[in-house]
Amino acid sequence: MKLLRDLPAYLWSGWGAISSLLLLMAVWEWGNQIYGDLVLPTPLAAFQTLGQLFASGEAWTQLLITGRRAFAGFLFSVAVGSTLGIAAGLSMTASMMSRPIVTVLVGMPPIAWIVLALLWFGATDMAPIFTVFIACFPIVFVGAMQGTRTLDNQLKDMANVFKLPKWMAFIDVYLPHIFSYIFPAWISALGMSWKIVVMAELLATSDGVGAALAVSRSHLDTAATMAWIVSVVALLLMVEYLLLEPIKREIEKWRETGSD
Amino acid sequence: MIKNTAKQKSLEVSQVSHTFGLDDVLEDISLSIHAGQIIALVGPSGCGKTTLLRLCAGITDLVEGKISNSFDSTSFMFQQPRLLPWKNTLDNIAISLKARRVARQQREALARKLGLRMGLVEEDFKKFPHELSGGMQQRAALARALVLEPDLLLLDEPFSALDVGLKSELYGLLVEQLVHRRAAVLMITHDLMEATRLSDVILLMEADPGRIVQRYPLDKPLPERDDNWVYQTTAKLMQTPEVQESFGLV
Ligand SMILES: Nc1ncnc2c1ncn2[C@@H]1O[C@H](COP(=O)(O)OP(=O)(O)OP(=O)(O)O)[C@@H](O)[C@H]1O
Ligand SMILES: [Mg+2]
């Protein structure tokens, strides 16, 4: 597949990213020298702790729990956001009406949702899942709505002139256009879900990476804290650059901006 | 030759007027086109040529007047290529075949054949529209309009982005389509020489509101029109007061 053929070149282009990560490590190390182990442990200490966490299976367990929650909330927001967004895009009135609601949803700090979720669902799985859903929803919704709103008459004329049957006009003409807006929104939402879920867990649950962070904080275990942070960030980077970015490139090859 | 054997297929436009909001864009347009005929529509920018063609194709709703089309299949080529950006050239050309449920292999073969005749090369077929030059996009769009072998072709400035060599090659192709299948063509052009070379009748339009001010029948059969004749006839047309006025030369 083309995806695999491009992989070496793609990885090679990652050198820039890796060197900037190394630079970050250097700054981290430097910070350790200034502030001492209690405030900021060395990267080495953090990675060692991380290694132990993985060796004991603790890291896998918690990451799996967190990942499941993030993904559930994300999928839910994709399903609901895309459907409602497309529906709203089809009607001028609906998109006008949804604007202020979206603004409110976007402007609402996630922490407020977490508190509400705690009140509504208690310390259950539903609290972080709901928070992720409600934080991702407006992103997906706006992407879907814009994709549908920007369907222009030119595309409709095209479909008319060549007498495309309805299903074909939808699959071959309208859907790719809408999808080119929705897909980037999905990706932003996925990144968002990962950040939100940790925050929600920190406050609302007794398991998951967020909860583990809360525990290590209460133990003043900075090394473990950094270890958990590293694991979360690394996972996000891996999903982003090894999975989503190549898919995005493949799907959007036809875009002028997407080409190299 | 085959006159009166069957009812002649034709497109009849009678007393069509059109307005966009308060703008009178077309006024009292009548024309008819029969199988085997090429009609060229010339006139200044903004005089309503595209609007008239869109009315003929039924893309724009008719407001006033009557249009009847007895051709079996009608094809339309937009002024801008309007290829689907997410489909490669071959799939773009084949889109109307896909709409008719022609099997993939067969439609790709047909699209490829026509694309090659349009001067596209094999590598172009896999490219996306944004990777093609303007002229290539136009040829792909023309191929897309021709691939169904329609018997009425409505072409909006089909050759405007092509160089001289390609133009004359595609003229040949169009004439061939016409003679072989007795297709009819209604074609918009800004190029009076092109109109002279290709058409049986030139309709000259004027703006505000758009109307047909002159009809120039050209009786010489297409294959007999050499460069000399084309130059001379074009020059003669350019001298007429109507053409001079329509193109703002006076
Ligand atoms: N959809 C539309 N809504 C409103 N006005 C329109 C629309 N389409 C065309 N017009 C107007 O109708 C007039 C004729 O436009 P048209 O596109 O038919 O011109 P044209 O003869 O094809 O010009 P050109 O040679 O530049 O392509 C113009 O004044 C244009 O502004
Ligand atoms: Mg036009």
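Inspect the range A:235-255 for any residue being buried (at least 19 other Cβ atoms within 10 Å of the Cβ), among the aromatic types (Phe, Trp, Tyr) and closer than 24 Å to A:Asp125 by Cα and give the result as yes or no.
No, that holds for no residue.
Quick one: which of B:Ala57, B:Ala94 is touching a residue at least 60 places away in the same chain (Cβ under 8 Å), surrounded by 21 or more Cβ atoms within 10 Å (Cβ to Cβ) and closer than 27 Å to B:Arg181 by Cβ?
Working: B:Ala94 fails: touching a residue at least 60 places away in the same chain (Cβ under 8 Å).
After applying the criteria, what remains is B:Ala57.
Looking at A:Glu256, A:Glu245, A:Glu240, can you tell me which residue is over 30 Å from A:Trp28 (Cα atoms) and at pLDDT below 90?
Every option except A:Glu256 fails the conditions.
Of all residues in the range B:84-114, how many are in a loop (DSSP other than H, G, I, E, B), facing chain A (nearest Cβ under 9 Å) and closer than 26 Å to B:Gly134 by Cβ?
5
Given the conditions (1) at pLDDT 95 or above; (2) closer than 23 Å to A:Tyr181 by Cβ, which single one is not true for A:Leu84?
(1)
Any idea which of A:Ala17, A:Ala59 is surrounded by 13 or more Cβ atoms within 10 Å (Cβ to Cβ) and either more than 16 Å from A:Trp228 (Cβ to Cβ) or touching a Ser or Thr at 6+ places or on another chain (Cβ under 7 Å) (or both)?
Details: A:Ala17 fails: surrounded by 13 or more Cβ atoms within 10 Å (Cβ to Cβ).
Going through A:Ala17, A:Ala59 in turn, the sole match is A:Ala59.
For the structure I just gave you, tell me whether B:Pro150 is closer than 23 Å to B:Val185 by Cα, within 16 Å of ligand 2 (Cβ to nearest atom) and either surrounded by 20 or more Cβ atoms within 10 Å (Cβ to Cβ) or at pLDDT 95 or above (or both).
Details: closer than 23 Å to B:Val185 by Cα: yes; within 16 Å of ligand 2 (Cβ to nearest atom): no; either surrounded by 20 or more Cβ atoms within 10 Å (Cβ to Cβ) or at pLDDT 95 or above (or both): yes.
The answer is no for B:Pro150.
Of all residues in the range B:14-68, count the ones that are more than 14 Å from chain A (Cβ to nearest Cβ), small (Gly, Ala, Ser) and within 16 Å of ligand 2 (Cβ to nearest atom).
Residues meeting the conditions: 5.
Restricting the search to the range B:41-63, which residues are more than 14 Å from A:Asn160 (Cβ to Cβ), assigned to a loop (DSSP other than H, G, I, E, B) and more than 8 Å from ligand 1 (Cβ to nearest atom)?
Of everything in the range B:41-63, those that are more than 14 Å from A:Asn160 (Cβ to Cβ), assigned to a loop (DSSP other than H, G, I, E, B) and more than 8 Å from ligand 1 (Cβ to nearest atom) turn out to be B:Leu62, B:Val63.
Suppose the filter is surrounded by 21 or more Cβ atoms within 10 Å (Cβ to Cβ), away from chain A (no Cβ under 14 Å), more than 14 Å from ligand 1 (Cβ to nearest atom) and farther than 16 Å from A:Phe162 by Cα; does B:Leu11 pass it?
The answer is yes for B:Leu11.
Among (1) among the hydrophobic types (A, V, I, L, M, F, W, C); (2) outside any loop (DSSP other than H, G, I, E, B); (3) crowded, with 20+ Cβ neighbours inside 10 Å; (4) within 16 Å of ligand 1 (Cβ to nearest atom), where does B:Ile33 come up short?
(4)
Please give the helices (runs of 4 or more DSSP H) falling wholly within the range A:200-260 in which 1 or more residues are polar (S, T, N, Q).
In the range A:200-260, the matching helices (runs of 4 or more DSSP H) lie at A:209-218, A:222-238.
Please indicate, with yes or no, whether at least one residue in the range B:69-80 is over 28 Å from B:Met136 (Cβ atoms) and out of contact with any Asp or Glu (no Cβ under 6 Å at 6 or more places or on another chain).
Yes: one or more hits.
Could you check B:Pro81 against (1) assigned to a loop (DSSP other than H, G, I, E, B); (2) within 9 Å of chain A (Cβ to nearest Cβ) and say which number it fails?
(2)
If you go through the range B:161-191, how many residues are within 16 Å of ligand 2 (Cβ to nearest atom) and either within 14 Å of chain A (Cβ to nearest Cβ) or farther than 12 Å from B:Arg139 by Cβ (or both)? Reasoning before the result, please.
Keep residues of the range B:161-191 that are within 16 Å of ligand 2 (Cβ to nearest atom), which gives B:161, B:186-191.
After this cut, where a residue has to be either within 14 Å of chain A (Cβ to nearest Cβ) or farther than 12 Å from B:Arg139 by Cβ (or both) as well, the list is B:186-191.
Within the range B:161-191, residues that are within 16 Å of ligand 2 (Cβ to nearest atom) and either within 14 Å of chain A (Cβ to nearest Cβ) or farther than 12 Å from B:Arg139 by Cβ (or both) number 6.
With the requirement that a residue be among the hydroxyl-bearing types (Ser, Thr, Tyr) and either free of Cβ contacts under 8 Å to residues at least 12 places away in the same chain or touching a strand residue (DSSP E or B) at 6+ places or on another chain (Cβ under 9 Å) (or both), what does the range A:203-250 give you?
A:Ser218
Considering each residue of the range B:79-91, count those that are at pLDDT below 95 and within 23 Å of B:Glu176 (Cα to Cα), and give that number.
2
Matching residues to (1) within 14 Å of chain B (Cβ to nearest Cβ); (2) crowded, with 22+ Cβ neighbours inside 10 Å; (3) in contact with a helix residue (DSSP H, G or I) (Cβ under 7 Å, 6 or more places away or on another chain); (4) closer than 21 Å to A:Trp254 by Cα:
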position: A:Asp152; (1), (2), (3), (4): yes, no, no, yes
position: A:Lys156; (1), (2), (3), (4): yes, no, no, yes
position: A:Val161; (1), (2), (3), (4): yes, yes, yes, no
position: A:Leu164; (1), (2), (3), (4): yes, no, yes, no
position: A:Pro176; (1), (2), (3), (4): yes, no, no, yes
position: A:Ala214; (1), (2), (3), (4): no, no, yes, no
position: A:His219; (1), (2), (3), (4): no, no, no, no
position: A:Ala224; (1), (2), (3), (4): no, yes, yes, no
position: A:Val233; (1), (2), (3), (4): no, no, no, no
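Out of the range B:170-189, which residues are more than 19 Å from B:Leu55 (Cα to Cα) and of a type outside the set (A, V, I, L, M)?
B:Tyr171, B:Gly172, B:Glu176, B:Gln177, B:His180, B:Arg181, B:Arg182
Is it the case that the range B:164-180 has a residue that's touching a strand residue (DSSP E or B) at 6+ places or on another chain (Cβ under 9 Å), polar (S, T, N, Q) and in contact (Cβ under 8 Å) with a residue 24 or more places away in the chain?
yes
Just give me the residues in the range B:207-221 being crowded, with 18+ Cβ neighbours inside 10 Å and under 22 Å from B:Arg182 (Cα atoms), in sequence order.
Answer for the range B:207-221, where residues must be crowded, with 18+ Cβ neighbours inside 10 Å and under 22 Å from B:Arg182 (Cα atoms): B:Tyr216, B:Leu218.
Can you go through B:Glu131, B:Glu157, B:Glu123 and tell me which one is away from ligand 1 (no atom under 16 Å from the Cβ) and more than 14 Å from chain A (Cβ to nearest Cβ)?
Answer to the check: B:Glu123.
Quick one: B:Lys66 ticks every box in (1) touching a residue at least 12 places away in the same chain (Cβ under 8 Å); (2) closer than 16 Å to B:Ser17 by Cβ; (3) within 16 Å of ligand 1 (Cβ to nearest atom); (4) not in a helix (DSSP H, G or I) except a single one, so which number is it?
Failed condition: (3).
Any residue in the range B:191-205 that is touching a residue at least 40 places away in the same chain (Cβ under 8 Å) sitting within a Cβ distance under 6 Å of a residue that is more than 13 Å from ligand 1 (Cβ to nearest atom) and of a type in the set (S, T, N, Q)? List the pairs, counting only those 6 or more apart or interchain.
B:Leu192/B:Thr234; B:Met193/B:Thr234; B:Thr196/B:Thr233; B:Thr196/B:Thr234; B:Asp200/B:Gln37; B:Leu204/B:Gln214
The values are calculated or read from the model by the stated rules, or taken from the named source; none is laboratory data. In this text, all values refer to a predicted model and were calculated from it rather than measured experimentally. Note: ideal-geometry Cβ built from the backbone for every residue, glycine included; neighbour counts use all protein chains shown.
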